[in-house]
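K.L.:
For reference, the structure I am asking about is given below.
Quick note: the coordinates plus some simple rules give every number you see, no bench work behind them. These numbers come from a predicted model, not from an experiment. Cβ coordinates were reconstructed from backbone atoms using ideal geometry, including for glycine residues, and neighbour counts include every protein chain displayed.
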Amino acid sequence: MPVDQVEIGASGLKIAPLVFGGNVLGWTADEKTSFAILDAFVDRGFNAIDTADVYSRFAPGLEGGESETVIGNWLAQGAGRRERIVLCTKVGLEMGPDQKGLSAAYIARAVEASLRRLRTDRIDLYITHRDDPTVPLEETLGAYQRLVEAGKVRAIGASNYSADRLAEALAASDRIGAPRYQSLQPLYNLYDRGEYEGALEDLCVKNGLSVFPYFALASGFLTGKYRDPKDGEGTVRGSITKRYLDARGFRILAAMDAISADRGVSLAQIALAWMLARPSVTAPIASATSLGQLDQLLSAVALRLTPEELASLDTASARELVVG
C-alpha cells in the first residue's frame, strides 16, 4: 500500500511519515533480525533510515559504528536497495580519542568512515549530532558545503540544538552562502514536551525545517512496558525509563490505557499518532527489534485520534513548558 511522502525542508528528499531509528541495529537486534526488519520496513512503503556513527558505543561491549555496518551489509545484499531509501546518519559525538566534535578536519575524516561502513558513495541527510560551541559555525557549515559539492552529502540536518544556536546556524548559512540545516531532531514525546514546544518549534515552522523527534516512545516508557522500577532492571532502557515513573508519567499512561481499551490499539501507536497530529512534526523516529513491533509502529501512521482523545492526552501530559 503506497504511503504518502513529505519533503525534508527544501532538500528535494522525500520520506514517508515515520523514520526507522537504527540505534538498535547491531545492538538489541542482531544482523539477521535487522535485515528482516529493514526489508519489511521498505516493503511497506517507508524509506527513511536514521543512524549515527556513534551507535551503539553507549552499550557494553560495543565501540560505535555497529549500526552503520549493519545497514551497509544490508544494502550490499540486494541490488536497488540504496535507491529505495533516504539514508540519514550523524556526526559529532565521541568515537574515541581525538574523534569528536564539528571541526572541518574531523568532519572530513568522519564522513569517510561512515561511507565505508555504510558501503555507499553518498549520505542523503548528514546530521550534526550535537552542537559544538568550541568550533565556529562557519567552519562546520563550510565543511558541509564541501561535502555537498563533492556529492558525498545531499543535505544537512541538526540535532540537539537550542533555539538560539539553531537560529545562529541558519543565519550563518545565509551569510556565507553555505547549505542550511533542513531538519531538526529534538527530544520530544508525550512526556518530554518542554524542550521542543515553544521557541524551538516556532523557529522550525518559520524556517520550514522538517522535524524528526527522537525518543518518540520515551525509550519504551510510552509502550506501557515499564510501569515499576523493577521493570527492565539491569538494562539500559530500564535505567533510562525510571525518570518517567512519577505522577505525571502515570497520568499519561492512564490516559493512553483508556484510549487503547476503547480503540483496540497499542500504546505505542497512540504515542506516535499524538505526535503525528502536531502540525510541526514531519515524522517521529521509532525503533523496533521484531517484525511484530515494526508492524505496530507502521500502523500508527494510519491512526487518527479524535479531538477528544488528543485533548485527554494533552491534559494528562501538560506541564510548565521551558521556553527558549
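K.L.:
Based on other C-beta atoms within 10 Å, arrange TYR188, TYR126 from fewest to most.
P.N.:
TYR126, TYR188
K.L.:
Where both partners of a DSSP beta bridge lie in the stretch 6-185, what percent of those bridges are antiparallel, to the nearest 5? All intermediate terms of the calculation are to be shown ahead of the outcome.
P.N.:
On the way: 3 of 21 bridges.
Counting only bridges with both partners in the stretch 6-185, antiparallel ones make up about 15 percent.
K.L.:
Taking θ as phi - 60°, what are the ³J(HN,Hα) couplings along the stretch 14-27 by the Karplus curve (6.51, -1.76, 1.60), each to the nearest whole Hz, with x for Gly and Pro?
P.N.:
10, 9, 6, x, 8, 9, 7, x, x, 5, 7, 5, x, 10
K.L.:
Provide the per-residue ³J(HN,Hα) series for the stretch 219-224, in order, calculated from phi with Karplus coefficients 6.51, -1.76, 1.60 and θ = phi - 60°, each as a whole number of Hz, with x at glycine and proline positions.
P.N.:
Here the 3J(HN,Hα) series is 6, x, 4, 7, 8, x Hz.
K.L.:
By its C-alpha gyration tensor, with a ≥ b ≥ c as the square roots of the eigenvalues, how is the stretch 147-227 shaped: rounded for a/c under 1.5, else prolate for a/b larger than b/c, else oblate?
P.N.:
In terms of gyration-tensor shape, oblate.
K.L.:
Could you list which residues have their amide H under 5 Å from that of SER162, counting only those 5 or more apart in sequence or on another chain, with H placed in the peptide plane?
P.N.:
none
K.L.:
Another question, if that's okay. Sorted from fewest to most neighbouring beta carbons within 10 Å, what does the list PHE35, PHE58 look like?
P.N.:
On the way: PHE35 18, PHE58 12.
Least crowded to most crowded, the residues run PHE58, PHE35.
K.L.:
Using the reciprocal of the averaged 1/r over all distinct C-alpha pairs, how large is the Kirkwood radius of the stretch 6-185 in Å?
P.N.:
With all distinct Cα pairs of the stretch 6-185 included, I get 16.4 Å.
K.L.:
From the Cα gyration tensor of the stretch 243-324, with a ≥ b ≥ c the square roots of its eigenvalues, which class applies: rounded if a/c is under 1.5, or else prolate if a/b is larger than b/c, or else oblate?
P.N.:
Note, shape of the stretch 243-324 comes out rounded.
K.L.:
Taking the Cα centre of each part, how many Å lie between the stretch 158-227 and the stretch 113-128?
P.N.:
One Cα centre to the other: 22 Å.
K.L.:
Around GLU309, what is the net charge, scoring Lys/Arg as +1 and Asp/Glu as -1 over all other residues with Cβ under 11 Å from its Cβ? Write down the numbers at each step before the final one.
P.N.:
Numbers: positive: ARG263, ARG304; negative: ASP262, GLU308, ASP314.
With Lys, Arg at +1 and Asp, Glu at -1, the net is -1.
K.L.:
Please give the helix 31-43 orientation as an angle from the longest Cα principal axis of the chain, in degrees from 0 to 90, rounded to the nearest 10.
P.N.:
Orientation of helix 31-43: about 80 degrees from the principal axis.
K.L.:
Right, something else. Return the long-range amide H neighbours of ILE156 (sequence gap of 5 or more, or a different chain), with a cut-off of under 5 Å between placed amide H atoms.
P.N.:
Those qualifying (amide H under 5 Å, at least 5 residues apart or on another chain) are TYR126, GLN182.
K.L.:
Now for a separate question. Would the chain count as rounded, prolate or oblate if I go by the C-alpha gyration tensor, calling it rounded below 1.5 in a/c and otherwise prolate when a/b exceeds b/c, oblate otherwise?
P.N.:
Values: a/c = 1.56, a/b = 1.31, b/c = 1.19.
Verdict is prolate for the chain.
K.L.:
Multiplying the sequence separation of ALA40 and ALA277 by 0.36 nm and subtracting their Cα-Cα distance, what value in nm do you get?
P.N.:
On the way: separation 237, 0.36 × 237 = 85.32 nm, distance 2.48 nm.
Extra length available between ALA40 and ALA277 comes to 82.8 nm.
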